[in-house]
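The values are calculated or read from the model by the stated rules, or taken from the named source; none is laboratory data. Please read these numbers as outputs of a predicted model, since none were measured by experiment. In this analysis, Cβ positions are derived from the backbone assuming ideal geometry, glycine residues included, and neighbour counts consider all displayed protein chains.
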Amino acid sequence: MHARLNTRFPRLACALALSLSLALTSCGGGVGTGGTGGESYAAGPITGFGSVIVGGVRFDDTAATVEDGEGGVRSRDELRLGMTVEVNGSAITTGSSGPVASASRIRFESELSGLVGLVDAAGGSFTMLGQRVTVDDSTVFDERLTGGLAGLGTGQPLEVFASFDAAGQRYRATRIEPAALARGLRLRGQVSQVDTVARTLRVGGVSYSYAGATHVPAGLAAGQFVRLRMEFDLLPAPRWVVQSFGLAWQPLADADGLKVEGLISSFTSSSSFSVNGRTVNATAASFPDGTAGLALGVRVEVEGAVRSGVLQAAKVSIESDDDVRDRGFELEGAISTVDTLGRTITVRGVLVGTARPDLRLEGGVESDLRVGRRVEVRGVLAPDRRSVDATRIRFR
């Protein structure tokens, strides 16, 4: 008889998480279909609203269908800063504020959903499903989470939006939010090793048994990205067990416009590599930052087109952590709340601080910050990681 930790036993899951956390550590260690003419595809974390901003492109989401990773229809009001998404849209054109397009479909999906294991606040990381998850200056915490990384507790159910870093065998979080245990224990990542005899696979520093799993991909091999639904077996020995495999990535339709941000997940040469599991042909690409810095785990931005499921790069740029942090976030819309004492406003559901000494106001003064006034906000993630500190507010 097996004793298993999954969403059917949420109280048991939380109670056992603390006792299991040390064991877990020691054990471990395109969306859509359509035509080709004038379409676009973008992937990466959401960096702004007014239109949904992904990869520097402002996608008008008014008519977009929003889906989760399992194809369920969701509301665009559920989209949040830091969520990793894939966007299908119209042709990308140049507007007054940069590249613009109209989104037809937006799909968001987290990389991990499960219980917090060990928290290493000093080291900037925690474990989940045995995996190491790191946070940095650009990781957004949901407004329901207080205290940042140090405020997380063992056994707490969370959903983590992230990129898998094959070089560091870790997940680099872009957004962390509470999770509903009813959705199950889930992980998407890159396989580093497969034992077809023992029926185990390795992702990051953790081995998972798939002996009883359903929908096992044909030709399962190292280098592939997999999407796993799991549970934890206590007997005969503690181990993670894969219940089923899902589709790791949706097939890509051809698109004439491409903007993808992510980490290099496999690297053969500067002309042949993958980003977040998507194959890139960079034979005809330009490299404004050169090619010497390209390597496994490096963050890049790829521009070009999609043909037959392959990202055909016209330009490949290297992005540092500082570049991402300094880019910050953008918001455009009407002010919905004003707290003059706390010096905050709310725009598109995001709390914005207005107390920075270097805040630049354009087209108005502080007293013009009132409910209903339309503004454009640029800012950086606040120290609480849940809100944005404005560096510029332009009145409309």
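Tabulated data
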read-out	value
Elements of type strands (runs of 3 or more DSSP E) contained in region 287-371, each with 2 or more residues being buried (at least 17 other Cβ atoms within 10 Å of the Cβ)	299-307, 310-318, 329-339, 344-347, 350-353
Options Gly117, Gly123, Gly155; residue that is outside any helix (DSSP H, G or I) and touching a Cys at 6+ places or on another chain (Cβ under 6 Å)	Gly155
Tally, over region 267-299, of residues that are within 19 Å of the chain's Cα centre (by Cα), closer than 15 Å to Ala313 by Cβ and among the small types (Gly, Ala, Ser)	1
Residue in region 260-280 that is nearest to Gly55 (Cα to Cα), counting only those that are part of a loop (DSSP other than H, G, I, E, B) and touching a Phe, Trp or Tyr at 6+ places or on another chain (Cβ under 8 Å)	Asn276
Selection within region 95-114 - in a strand (DSSP E or B) and not hydroxyl-bearing (Ser, Thr, Tyr)	Gly95, Gly98, Pro99, Val100, Ala101, Ala103, Arg105, Ile106, Arg107, Phe108, Leu112, Gly114
Filter result for the condition that a residue is part of a loop (DSSP other than H, G, I, E, B), more than 24 Å from Tyr41 (Cα to Cα) and out of contact with any Leu (no Cβ under 6 Å at 6 or more places or on another chain), over Ala248, Ala211	Ala211
Enumeration of residues in region 206-217 that are crowded, with 16+ Cβ neighbours inside 10 Å and within 16 Å of Pro238 (Cα to Cα)	Val206, Ser207, Tyr208, Ser209, Tyr210
Condition check for Gly148: among the small types (Gly, Ala, Ser) and surrounded by fewer than 19 Cβ atoms within 10 Å (Cβ to Cβ)	yes
Criterion (closer than 30 Å to Arg80 by Cβ, touching a Ser or Thr at 6+ places or on another chain (Cβ under 6 Å), of a type in the set (Lys, Arg) and buried (at least 18 other Cβ atoms within 10 Å of the Cβ)) met by exactly one of Arg172, Arg188, Arg227	Arg172
Complete set of residues in region 218-262 that are of a type outside the set (Gly, Ala, Ser) and under 20 Å from Ala314 (Cβ atoms)	Leu252, Asp254, Asp256, Leu258, Lys259, Val260, Glu261
Yes/no for Ile106 being of a type in the set (Val, Ile, Thr), under 17 Å from the mean Cα position of the chain (by Cα) and more than 27 Å from Gly223 (Cα to Cα)	no
Matching strands (runs of 3 or more DSSP E) fully within region 1-94 where at least 3 residues are exposed (fewer than 13 other Cβ atoms within 10 Å of the Cβ), of a type outside the set (A, V, I, L, M, F, W, C) and modelled with pLDDT under 90	none
Condition broken by Gln131, with the remaining ones in (1) surrounded by fewer than 19 Cβ atoms within 10 Å (Cβ to Cβ); (2) within 26 Å of Leu81 (Cβ to Cβ) satisfied	(1)
Filter result for the condition that a residue is surrounded by 15 or more Cβ atoms within 10 Å (Cβ to Cβ), in contact with a strand residue (DSSP E or B) (Cβ under 8 Å, 6 or more places away or on another chain) and either hydrophobic (A, V, I, L, M, F, W, C) or at pLDDT below 95 (or both), over Leu234, Leu258	Leu258
